Amino acid sequence: MNKPKKTLSTSITLPSDQTEIITNSDNLSDLLDNHSTWNNQHFCLLDNNPTENRKQFVNNENESVRPDLLKYQKIAQIKISTSLAQSPKRSQYQASILTDNCGRFASKTEHGLVALNRCNRRTCPICAGIKGKRLTNEIVKCIDQIEYFLIDEADENTPQNKLMIGLKINLNTGSATTLDDLKTRLRIMHDIWARLLRTAKVKEALIGGFRSTEITQTDKDHANPHIHGLLLIKADTDLSALSNHIRNYWRKTLSRELKKQKIKADTIASFGSLEPLYRHTKADLREWTRYATKGSFDYNKAEHRKSQLNTTVRFWITVDEATKGMRLTALNGSIKTAVALVRKQASESFDGSYNIYNQDFAWSDTKSAYIPFGKYDPDTDDKKAPLCQSLPYDRVTPHLGQLFKAEYENHHIRRLKALGDHLLSIGNYSVYSQFDDLFIHNIKTTNTKIGLDYTEPSEIERDSIKIKHKSPDSK
């Protein structure tokens, strides 16, 4: 095509003076490339970034995961998307579409698979796992930017006042909270954490710290919000005195804040543990940070995968709403400063070039697995409208129509793209005549002079769109 491509939500726009005879691969490629730039503003979004020839731009070495882990994350993601689809809130059932499309295609790299079409939702297992891995690497790298040295890696000439150790800390809000009070408990827990690090005894010993918040479901109506954190402190700190101070401060302050909110809870077990790393090295620090940033569930473990699948719809709707606008991870002190420096250095060293990943694998709903893209058939591998099928039948769902329209359009895009790729790969354009209605359906011809606005196959006048039904080699 000679003219710039236009962004559309539900159809392909071809200028009236460019209604060409589709008889060669160049014309068909242009049509398909124009199709791949769709950017539906309503949430029917297939790709987060414009793509060409089944490629997506990604610039993060931390995004590759093992194929089996990505499969487990995708299965867990489906649990969350089908839960959000049942929410009456527009923002949540729209988010279910984005989450369902996230990671539907993947690229193979030397380090594993890279999930494409990312949704960047904090409740998404795929995106949360990538963010956790990225933060872990940043925290490990930031150790070199801190003026203190881990005691087990420092040389013998390092001054004693420049040595530090790492402490693992686990905190919660006492007895499990009702789902209705989850947001309040999270706010209280985060506020007390920030205040704890500003107390005189902690501030005197603290070099830097970070915390990561997780939420697990304990039963049908209750959840357990908790913190996994890391404190880097001076090596000569009295650990016993520091532990007693944190324990007493946390319990006392938590009880007072819960009482203010008229929430009854047993805070005796709210202080989990405060203990040193096994060894004070970057390797041990990485291991703990990886665990702390894994998210609410570790999909490497079968018991965690089973637990996640047993969660309820109400739990995920509540978690999604309660964590909206909250920071589930926080950095403090020298760790915060050093991580900012690591990010700045990474930004300055970026040369502007991106890795281009092909869509090597596609998710099959019917097989619950990733299959080679060449074997992917939207007609047999897609469930067409899995989110709509997950809706309860015993009550009216007002947004059913909008949800179905979005799912149908996403499936239609995948089907059209797969068909186009097939036609381009076999080089036999006589096949095109069998499916011309499918392509014409996605051509929205707009011309203000004649007032044409074709959106349905039944409305198309064949004389207005020239299509050659015979292949170039046919007699």
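Within the stretch 371-429, how many residues turn out to be farther than 18 Å from residue 94 by Cβ, out of contact with any Ser or Thr (no Cβ under 9 Å at 6 or more places or on another chain), surrounded by 14 or more Cβ atoms within 10 Å (Cβ to Cβ) and of a type in the set (Gly, Ala, Ser)?
Qualifying residue count, the stretch 371-429: 1.
If a residue has to be in a strand (DSSP E or B) and more than 30 Å from residue 263 (Cβ to Cβ) to count, how many in the stretch 133-176 make the cut?
Adding up the residues that qualify gives 6.
Say we look at the stretch 235-262 and pick out the residues that are of a type in the set (Ser, Thr, Tyr) and within 26 Å of residue 159 (Cβ to Cβ); which of these is nearest to the chain's Cα centre (by Cα)?
Filtering the stretch 235-262 for residues that are of a type in the set (Ser, Thr, Tyr) and within 26 Å of residue 159 (Cβ to Cβ), the one nearest to the chain's Cα centre (by Cα) comes out as 243.
I'm trying to understand the selection: among the residues of the stretch 373-422, which are without any contact (Cβ under 8 Å) to a residue 24 or more places away in the chain and either part of a loop (DSSP other than H, G, I, E, B) or more than 30 Å from residue 108 (Cβ to Cβ) (or both)?
Those that are without any contact (Cβ under 8 Å) to a residue 24 or more places away in the chain and either part of a loop (DSSP other than H, G, I, E, B) or more than 30 Å from residue 108 (Cβ to Cβ) (or both): 383, 389, 393, 394, 395, 396, 400, 401, 404.
Report the residue count in the stretch 50-75 for those that are in contact with a Phe, Trp or Tyr (Cβ under 9 Å, 6 or more places away or on another chain), modelled with pLDDT of 90 or more and either among the β-branched types (Val, Ile, Thr) or surrounded by fewer than 18 Cβ atoms within 10 Å (Cβ to Cβ) (or both).
3
Anything in the stretch 67-94 that is touching a Gly at 6+ places or on another chain (Cβ under 9 Å) and either on the phi > 0 side of the Ramachandran plot or among the aliphatic types (A, V, I, L, M) (or both)? List them, or say none. Can you show your working first?
Taking the stretch 67-94 first, the residues touching a Gly at 6+ places or on another chain (Cβ under 9 Å) are 67, 69-70, 73-74, 77.
69, 70 - these are the residues of the stretch 67-94 that are touching a Gly at 6+ places or on another chain (Cβ under 9 Å) and either on the phi > 0 side of the Ramachandran plot or among the aliphatic types (A, V, I, L, M) (or both).
For the stretch 228-246, check the following and say yes or no: at least one residue is touching a Ser or Thr at 6+ places or on another chain (Cβ under 6 Å), closer than 25 Å to residue 296 by Cβ, crowded, with 16+ Cβ neighbours inside 10 Å and touching a residue at least 24 places away in the same chain (Cβ under 8 Å). I'd like the intermediate steps shown before the answer.
Step one: of the stretch 228-246, the residues touching a Ser or Thr at 6+ places or on another chain (Cβ under 6 Å) are 228.
In the following step, the residues that additionally are closer than 25 Å to residue 296 by Cβ were identified as 228.
If we keep only those that are crowded, with 16+ Cβ neighbours inside 10 Å as well, we get 228.
Add one more test, that the residue is touching a residue at least 24 places away in the same chain (Cβ under 8 Å), and what stays is 228.
There is at least one residue in the stretch 228-246 that is touching a Ser or Thr at 6+ places or on another chain (Cβ under 6 Å), closer than 25 Å to residue 296 by Cβ, crowded, with 16+ Cβ neighbours inside 10 Å and touching a residue at least 24 places away in the same chain (Cβ under 8 Å).
Among the residues of the stretch 154-174, is any surrounded by fewer than 17 Cβ atoms within 10 Å (Cβ to Cβ) and in contact with a Lys or Arg (Cβ under 8 Å, 6 or more places away or on another chain)?
Looking through the stretch 154-174, at least one residue is surrounded by fewer than 17 Cβ atoms within 10 Å (Cβ to Cβ) and in contact with a Lys or Arg (Cβ under 8 Å, 6 or more places away or on another chain).
The values are calculated or read from the model by the stated rules, or taken from the named source; none is laboratory data. As the structure is a computational prediction, the values presented were derived from the model and not from experiment. Neighbour counts are summed over all protein chains in view; Cβ atoms, including those assigned to glycine, are modelled from backbone coordinates with ideal geometry.
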